[in-house]
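A quick write-up on the structure given underneath.
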């Protein structure tokens, strides 16, 4: 399942592999570890031949092209002792699956008085990269952040993708695991003997003291590029990868903003009621006195994504725009906090 | 059914039906008082619930819908804990968090009462997959109405169950009403069974107000499911004698249709059959009825004595 992986000579336990292959290693290892884990979805058994060969047709299943019953089956199976992984393919297809995930998986643990648990993972891809248009590319992860009882994950590196997926499969809650299409085949170093990456913990990807750039998915890479440009101009940006969108690691964000006094939240998903709005609100509520400039959100527009490649690329926040915003914030002296507090 | 097949267990079927009727009469009366949560009754559908559930084994699982009181009581649920749940008290099956519309009772194998119409069809395949994968013996009984059969998930659920070979007894209580709309306004045919047959699910139509006919059909269907692991559907023709929601809303029911189905009241049918066969006498049935009502009065006293949950339960059990 790691056909594209190449062994790093520095360690037999490290390999450079794509995010897609990293997910495959996580699935295979968790299926080996726990016989209750199974995976199904449209094309799962066709495309994941290695899984089918190793675990057989009972645990690696193709389904009809019917997202509502794929999700419903996962939710019912989870309530009854299995730990399913449902591949919904593209995030917009979750619209058909939302009833079972939101009304059943997210609510019934509470509503049953704790009688049932719903340990399941749904995989869904979104984001620019393939020019597939807005019915395949729609970053709707914030919808599920708003729904109670669910967890929401969106990694930016192969190593995190692997560790977070392993954690999601072992979690006793329903987890929506979003995969950024644009990152699917980007290589990264993965420690194959590494344990899980716990859900709910952000990662400080780059340390800096002048401005906090908070992002997830492919926007983390855009922030790192912006940070490199800013460093050349003497501005040290801290880049935080949220990794898990629910539960949100508020503490890591607050600690960073308390040091830097400036916050830019960046994501490809549309701005209104997006994850960035929640991050901005929490910082405004809990670190207001530390802010030296207004909070800035750089997000996708409130528009469907175009299929045309240049338009699709322009939808996501670009490094130059992030760097420009940081320059503006850092030029705002004296501290805004002195005016507002 | 032939009188020779009527035994002591037939009286047990009547006893369950009387308990359900007494429970729902109490809910209807309380709802009419205005100081009580709105409820959906299964008034008139008691034979469907009792006949099917009596055919299930202890290991079988149940998923049902917002008219689930009959299924729960037929399964042996404690009416006191059910009333406590309806009234939002801690001694309810779900600690007062589900109300009447979402009661789950794991100890009885009742995985779900779904008030999203068709939600039970959505989860039933997964519950059956788990039963099959984990080598458990029980099949899955999934109760829904003709309204849910109009949802797309009906097609998806039966198609997957047929394709994968899942041990599910689909029970369509065709009660002629889909919330506020009569079935004749929403579909051209009268029956759901042909839809199931077109998906490769064996289906049978049964008089849903004849508890003995329902019970016999359910026992036969369960036997076939246990033998080959494949799904079956029973379409039980019945009638919702009350409005969609209590307090009863004016039902646009045709008076002649309503009168016809009142004549066919499942309790009336069951009692008449037992009396005609000499298996019960009027006094004995009257005693059973009084006992059912007394049990419901005791259940109400239990529920009223149960406290409301503390405010800290607002966030309990949301996450594992």
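The values are calculated or read from the model by the stated rules, or taken from the named source; none is laboratory data. The structure presented is a predicted model; accordingly, all values stated were derived computationally and were not measured. Quick reminder, even Gly has a Cβ in these numbers, built from the backbone with ideal geometry, and neighbours come from all protein chains shown.
So residue B:115 ticks every box in (1) under 23 Å from residue B:53 (Cα atoms); (2) buried (at least 24 other Cβ atoms within 10 Å of the Cβ); (3) at the interface with chain A (Cβ under 10 Å from one of its Cβ atoms) but one. Which box is left unticked? Unmet condition: (2).
Note on region A:64-75: among residues that are touching a helix residue (DSSP H, G or I) at 6+ places or on another chain (Cβ under 8 Å) and more than 7 Å from chain B (Cβ to nearest Cβ), the one that is surrounded by the fewest Cβ atoms within 10 Å (Cβ to Cβ) is A:67.
Across region B:93-112, which residue is farthest from the other protein chains (Cβ to nearest Cβ) among those that are assigned to a helix (DSSP H, G or I) and touching a strand residue (DSSP E or B) at 6+ places or on another chain (Cβ under 6 Å)? Going through the qualifying residues, I end up with B:100. Looking at region B:283-290, can you tell me whether even one residue there is away from chain A (no Cβ under 14 Å) and surrounded by 19 or more Cβ atoms within 10 Å (Cβ to Cβ)? Yes, region B:283-290 contains at least one residue that is away from chain A (no Cβ under 14 Å) and surrounded by 19 or more Cβ atoms within 10 Å (Cβ to Cβ).
Residue-wise test of (1) more than 10 Å from chain B (Cβ to nearest Cβ); (2) surrounded by fewer than 21 Cβ atoms within 10 Å (Cβ to Cβ); (3) assigned to a helix (DSSP H, G or I).
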| site | (1), (2), (3) |
| --- | --- |
| A:40 | no, no, no |
| A:50 | yes, yes, yes |
| A:57 | yes, yes, no |
| A:77 | no, no, yes |
| A:84 | no, no, no |
| A:95 | yes, yes, yes |
| A:98 | yes, yes, yes |
| A:101 | yes, no, yes |
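If you filter region A:153-182 down to residues that are in a loop (DSSP other than H, G, I, E, B) and more than 14 Å from chain B (Cβ to nearest Cβ), you find that the one that is nearest to the chain's Cα centre (by Cα) is A:154.
Every residue, every condition in (1) in the same structural domain as residue A:167 (by TED's automatic domain parsing); (2) touching a residue at least 60 places away in the same chain (Cβ under 8 Å); (3) surrounded by fewer than 22 Cβ atoms within 10 Å (Cβ to Cβ), yes or no:
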{"site": "A:243", "(1), (2), (3)": "no, yes, no"}
{"site": "A:269", "(1), (2), (3)": "no, yes, no"}
{"site": "A:274", "(1), (2), (3)": "no, yes, no"}
{"site": "A:294", "(1), (2), (3)": "no, no, yes"}
{"site": "A:305", "(1), (2), (3)": "no, yes, no"}
{"site": "A:325", "(1), (2), (3)": "no, yes, yes"}
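Selection of region B:159-206 for residues being part of a strand (DSSP E or B) and buried (at least 18 other Cβ atoms within 10 Å of the Cβ) yields B:168, B:169, B:170, B:171, B:172, B:173, B:174, B:177, B:178, B:203, B:205, B:206. When the residues of region A:190-199 are filtered to those that are in contact with a strand residue (DSSP E or B) (Cβ under 8 Å, 6 or more places away or on another chain) and surrounded by 15 or more Cβ atoms within 10 Å (Cβ to Cβ), the one that is nearest to residue A:253 (Cα to Cα) is A:199.
For the residues A:213, A:123, A:150, the requirement of being crowded, with 22+ Cβ neighbours inside 10 Å and within 14 Å of chain B (Cβ to nearest Cβ) singles out A:150. If the condition is being touching a residue at least 40 places away in the same chain (Cβ under 8 Å) and within 17 Å of the chain's Cα centre (by Cα), then region B:172-200 contributes B:172, B:173, B:174, B:175, B:176, B:177, B:179.
Apart from one condition, residue B:260 fits all of (1) away from every other protein chain (no Cβ under 14 Å); (2) farther than 18 Å from residue B:12 by Cβ; (3) in contact (Cβ under 8 Å) with a residue 24 or more places away in the chain; the exception is (3). What about residue B:73, is it away from every other protein chain (no Cβ under 14 Å) and at pLDDT 95 or above? Yes, satisfied. Scanning region B:125-135 finds one or more residues that are more than 9 Å from chain A (Cβ to nearest Cβ) and either within 23 Å of residue B:180 (Cα to Cα) or out of contact with any helix residue (DSSP H, G or I) (no Cβ under 7 Å at 6 or more places or on another chain) (or both).
When region B:83-92 is limited to residues that are out of contact with any strand residue (DSSP E or B) (no Cβ under 9 Å at 6 or more places or on another chain) and away from chain A (no Cβ under 13 Å), the one that is nearest to residue B:310 (Cα to Cα) turns out to be B:87.
Just one of (1) more than 18 Å from residue A:82 (Cβ to Cβ); (2) modelled with pLDDT of 95 or more; (3) part of a loop (DSSP other than H, G, I, E, B) fails for residue A:35. It is (1).
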